[in-house]
Amino acid sequence: MELSKNFEHGKAEEAWYQHWLDKKYFHSEPDGREPYTIVIPPPNVTGVLHMGHCLNNTIQDILVRRARMMGKNACWVPGTDHASIATEAKVVRMLRERGISKSSLSRQEFLAYAWEWKEKYGGIILQQLRKLGCSLDWDRTTFTMDPHYYQSVIDVFNDLYKKGFIYRGKRMINWDVSALTALSDEEVIRRQTSQKLYYLRYRVEGTDEYITIATVRPETIMGDTAIAVHPDDDRFKRFHGKKAIIPLVGRAIPVITDEYVTMDFGTGALKVTPAHDMNDNLLGQKHGLEVIDILNDDGTLNELAGMYIGQDRLVARKKIAKDLEEKGALVKTEDYSSEVGYSERTDAVVEPRLSLQWWIDMKKISDPALRAVLDEEIKFYPPKFRNLYRHWMENIKDWCISRQLWWGQRIPAWYDESGNFVVAHDEQEAVEKFHAQGQTSATAANIKQDEDCLDTWFSSWLWPIEVFRGYSEPDNADINYYYPTNTLVTAPEIIFFWVARMIMAGYEYKGAKPFSEVYFTGIVRDKQGRKMSKQLGNSPDLLGLIDQFGADACRFGILIASPAGNDLLWDVSTNEQGSFFNNKIWNALKLVKMWEGRKSAEVSGTTDTGFAVDWFANRLAQARLQMDEQFRDFRLSEALKTVYSLIWDDFCSWYLEWVKPGFEQPISAAVYDKTIGFFEELMQLLHPFMPFITEEIYHQLRKQENDLTISLYPAAGNPDMAILEKGELLKNVITSIRDARNKSQLKPKDTIRLFILPENRESYSGMDEILCKQVNAVEMQFTSEAVGQAINVVVNKDKFYLQTTTALDTTSQREQLQRDLEYQIGFLESVEKKLANERFVSNAKPEIVDIERKKKADAEAKILAIREGLANI
């Protein structure tokens, strides 16, 4: 079959992915093999594939495919997260477009619309992962609102409540005025924000004196219940115990003293608004201050504000500043920059407010999870994230787990008409619990379930357990075989949201870690270093890139620039590089297939082609060992670069050139078969990174018994370093002679006679024909003395003399040798300077010092050879 000019990725991707699915290569069942398990970080059901998904899932697929080819029972579990806030926002938007408001619907009616939306759009991202080539076990697809999963979440809530780990309490929370729900601390993104600092004066009651305070939130003065000063601040001692009048409002509030106040910050006086600031609330509790909440759920001012009622807090801020100025209460304003909390989901400015919510006492369950990471029972890659994890875990705060939403697992608490509550698995059990407490009048008709649902992360922390039904069906075959999983691949920004909490749940409900290793990817940024986002318009259409370049090139492009745990600067040029790589391999295939009809059993491989075969076999073994080590350390980008260089440089640029038969000449069948075998092994090494082109080429090379995706890696052998060193010498000599030919303006067709004055003749045994063919030499001879009227080349300590019938420009040759001499003298001086440094010699490792000494000896030999060459011109 005639091969296409270039690799046709679209056709190959569709055909091969369907073939793999038909063969069920991605499906796993427990058996006697060693399992290798990854659970996908479940993308939001609202999601579409972006560059972050491309990076994260490419890495997971590489690990899974490699494990499969190592003979392990690889299982990669897909699924989606119900994403309460994001999905509810999508459904509300859909309803608005239909002219329906959420408030006009019952809970059940709204949920019916939510499920309609989920069924229509919720599987899009999973279908898109197929386009990327992800080898997920689709039979195991899990959704965090599947019936078994939903019930497990409810059961876990009941269990933790029974243990005393969950409680209901009124505390300061982060409130999202857009999504109308509470947020945990981890769902608040703190950003440096430019604001105005307003200096307001409060008249001290019964005097003509004023206390000036500085605030960024003048719209909350209606909720002020005190002014706080430091007890040792002499400026305010005369006001201790007095009252101050809130401007515009006219209400008197006490002046209190507390060491919490910083004397040299702002004016040294602090307005205290317990309902609208976390720290003010603590002060309020300490001093028994009144709490006046002046805001509605949506961030507008309510009746308790007494003014600007119904206006948004940010609009009211501008209006009150103007009114304060007119009344003479605004002393001045200044530009000010400080951190402001924004909702991770809606980007609304978060409002601190006092609210009755459900909480988990995290200190009661966090200790095993902290120890697991510090003791490296769970290893982080890169390790630097251990310190971040430790700091958060050692300072862990209670987790607010209730959300004022309908889409999600509904909190399993029921209230009677008096406000008493019980936690139960279902309504019937709730009635029974009320009766057990003596409230015999409780019935299904007069008790009511909590309206709130649970934080999405409260379900996803069970992910590594419940995807195998480890909580709903304890000790089943799957959970006992696949748990703990092996590797979690995730982004560092959810180390607290998800990673830490999964570890806690693992120890709480399985008594074991959920995974052994966590590989943290970096953030994908554009070439200007900006985080990719729709708002900036710098987030490319990944599906469009796959259509344009192919999945393999996109996988290559995202990984080649991806150091573990560090952000990566992505540019479309890396996809282009991946596409060029595809073409390089495809052209190599076409070249090798052209030899198929020219192979002959009667032609034996020469000594030289024998050397080429031996050298590449050892180079392949060396690369395997390098990649094994790189994979062990999760240096996946380096592993890709290793196989990239092995194919592009060693195989295509060197090996194929060395064994290529002459024009219309046959090729040894043994050498051809070896070449095909090498090509197959290269495709095996590359397959986890670029699965489609490698599978296609694997089958184009010759008829195969199995598919590449399930072929097993051969055992890695130890490379013969002597052969590898000879190969490196041969490459250096060819490169140097070609360079000298070019500089002497010899045309490629111009032949030369090659004379070698070597340090050791054995270094060149078995490579005469290759060397002559590669530099267009009609003959090669060893010599024991310099050869006159020749182009001089020095490689290491060996000297080469190129004789030609073409007239030479000795002036340019002399100039080139002079430049080489100057470079080597400068290099020698730098090495000698380093070796003269006693601190370096005494502190550096002996092998490092030996390398520098070898550099010195080599440079001295080259200088001597260049000087001899200059003398002979």
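The values are calculated or read from the model by the stated rules, or taken from the named source; none is laboratory data. Values in this document were obtained by computation on a predicted structure and should not be read as measured data. Heads up, the Cβs are rebuilt from the backbone with ideal geometry, glycines too, and the neighbour counts pull from every protein chain shown. SASA here: full protein model, heavy atoms, side chains in, ligands and nucleic acids out. Shrake-Rupley method; radii C 1.70, N 1.55, O 1.52, S 1.80 Å.
The figures follow:
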quantity	calculated
Listing of strands (runs of 3 or more DSSP E) fully contained in region 401-496 that carry 2 or more residues being over 25 Å from LEU105 (Cβ atoms), touching a residue at least 24 places away in the same chain (Cβ under 8 Å) and not small (Gly, Ala, Ser)	421-423, 485-490
Every pair of residues 6+ apart whose Cβ atoms lie under 6 Å, when the first sits in region 33-52 and is closer than 22 Å to GLU466 by Cα while the second is of a type outside the set (A, V, I, L, M) and part of a loop (DSSP other than H, G, I, E, B)	GLU34/LYS72; TYR36/LYS72; ILE40/PRO78; VAL45/HIS82; VAL45/GLY122
Criterion violated by ASP139 - all others in (1) under 17 Å from THR456 (Cβ atoms); (2) open to solvent by 20 Å² or more (accessible area, probe 1.4 Å); (3) acidic (Asp, Glu) satisfied	(1)
Search result, residues across region 164-195 that are more than 17 Å from PHE496 (Cβ to Cβ), open to solvent by 20 Å² or more (accessible area, probe 1.4 Å) and either among the basic types (Lys, Arg) or in a strand (DSSP E or B) (or both)	TYR167, ARG168, LYS170, ARG171, MET172, ARG191, GLN192, THR193, SER194, GLN195
Given (1) in contact with a strand residue (DSSP E or B) (Cβ under 7 Å, 6 or more places away or on another chain); (2) open to solvent by less than 10 Å² (accessible area, probe 1.4 Å), index of the condition LEU63 fails	(2)
Of all residues making up region 731-761, the number that are farther than 14 Å from LYS797 by Cα, under 51 Å from the mean Cα position of the chain (by Cα) and not in a loop (DSSP other than H, G, I, E, B)	10
Cβ-Cβ under 6 Å pairs, at least 6 apart or on other chains, region 295-317 side open to solvent by 50 Å² or more (accessible area, probe 1.4 Å), far side small (Gly, Ala, Ser)	ASP312/GLY299
Check on GLY717, open to solvent by less than 20 Å² (accessible area, probe 1.4 Å) and of a type in the set (Gly, Ala, Ser)	no
Tally, over region 319-353, of residues that are loosely packed, with under 14 Cβ neighbours inside 10 Å and not in a strand (DSSP E or B)	5
Hits in region 647-676 (condition: over 37 Å from the mean Cα position of the chain (by Cα), of a type in the set (Phe, Trp, Tyr) and open to solvent by less than 20 Å² (accessible area, probe 1.4 Å))	TRP658, TYR672
From GLU325, GLU303, GLU259, residue being closer than 29 Å to ARG171 by Cβ and modelled with pLDDT of 95 or more	GLU303
Pick from region 703-714, criterion aliphatic (A, V, I, L, M) and part of a helix (DSSP H, G or I), ranking: least open to solvent (accessible area, probe 1.4 Å)	LEU708
Cβ pairs under 7 Å, 6+ apart, first in region 231-254 and open to solvent by 40 Å² or more (accessible area, probe 1.4 Å), second among the hydroxyl-bearing types (Ser, Thr, Tyr)	HIS240/THR257
Of all residues in region 354-368 being touching a strand residue (DSSP E or B) at 6+ places or on another chain (Cβ under 7 Å) and open to solvent by less than 30 Å² (accessible area, probe 1.4 Å), the one that is modelled with the lowest pLDDT	SER355
All positions within region 81-95 that are among the β-branched types (Val, Ile, Thr) and crowded, with 24+ Cβ neighbours inside 10 Å	ILE85, THR87
Count of residues meeting criterion [surrounded by fewer than 14 Cβ atoms within 10 Å (Cβ to Cβ), among the acidic types (Asp, Glu) and closer than 24 Å to ASN776 by Cα] in region 791-845	1
Failed item in (1) more than 24 Å from SER84 (Cβ to Cβ); (2) in contact with a strand residue (DSSP E or B) (Cβ under 7 Å, 6 or more places away or on another chain); (3) open to solvent by less than 20 Å² (accessible area, probe 1.4 Å); (4) in a helix (DSSP H, G or I), with PHE380 passing the rest	(4)
Count of residues meeting criterion [surrounded by 24 or more Cβ atoms within 10 Å (Cβ to Cβ) and part of a loop (DSSP other than H, G, I, E, B)] in region 202-224	1
Yes/no for LEU283 being surrounded by 21 or more Cβ atoms within 10 Å (Cβ to Cβ), without any contact (Cβ under 8 Å) to a residue 60 or more places away in the chain and part of a strand (DSSP E or B)	no
Given (1) open to solvent by less than 70 Å² (accessible area, probe 1.4 Å); (2) more than 54 Å from the chain's Cα centre (by Cα); (3) not basic (Lys, Arg), index of the condition ASP768 fails	(2)
Hits in region 268-280 - residues which are crowded, with 18+ Cβ neighbours inside 10 Å and not in a strand (DSSP E or B)	GLY268, THR273, PRO274, ALA275, HIS276, ASP277, ASP280
Hey, GLY284 at positive phi and either of a type outside the set (Ser, Thr, Tyr) or in contact with a Gly (Cβ under 6 Å, 6 or more places away or on another chain) (or both) or not	no
Qualifying residue in region 461-479 (condition: crowded, with 21+ Cβ neighbours inside 10 Å, aromatic (Phe, Trp, Tyr) and more than 23 Å from the chain's Cα centre (by Cα))	yes
Options LEU656, LEU682, LEU686; residue that is closer than 22 Å to THR521 by Cα and at pLDDT 95 or above	LEU686
Boolean, ARG819 is without any contact (Cβ under 8 Å) to a residue 12 or more places away in the chain and farther than 22 Å from PHE611 by Cβ	yes
Residue that is surrounded by the most Cβ atoms within 10 Å (Cβ to Cβ) [pool: residues in region 503-528 that are in contact with a Ser or Thr (Cβ under 8 Å, 6 or more places away or on another chain) and not polar (S, T, N, Q)]	PRO514
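Condition check ((1) modelled with pLDDT of 95 or more; (2) out of contact with any helix residue (DSSP H, G or I) (no Cβ under 8 Å at 6 or more places or on another chain)) across all residues:
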{"position": "ILE40", "(1), (2)": "yes, no"}
{"position": "ASN44", "(1), (2)": "no, no"}
{"position": "HIS50", "(1), (2)": "no, no"}
{"position": "HIS53", "(1), (2)": "no, no"}
{"position": "GLN60", "(1), (2)": "yes, yes"}
{"position": "ARG65", "(1), (2)": "yes, no"}
{"position": "TRP76", "(1), (2)": "yes, no"}
{"position": "ALA86", "(1), (2)": "no, yes"}
{"position": "GLU109", "(1), (2)": "yes, yes"}
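Let's see how each residue does on (1) part of a strand (DSSP E or B); (2) out of contact with any Ser or Thr (no Cβ under 9 Å at 6 or more places or on another chain); (3) in contact (Cβ under 8 Å) with a residue 40 or more places away in the chain; (4) not β-branched (Val, Ile, Thr):
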| residue | (1), (2), (3), (4) |
| --- | --- |
| LEU126 | no, no, yes, yes |
| TYR150 | no, no, yes, yes |
| VAL153 | no, no, yes, no |
| LEU160 | no, yes, yes, yes |
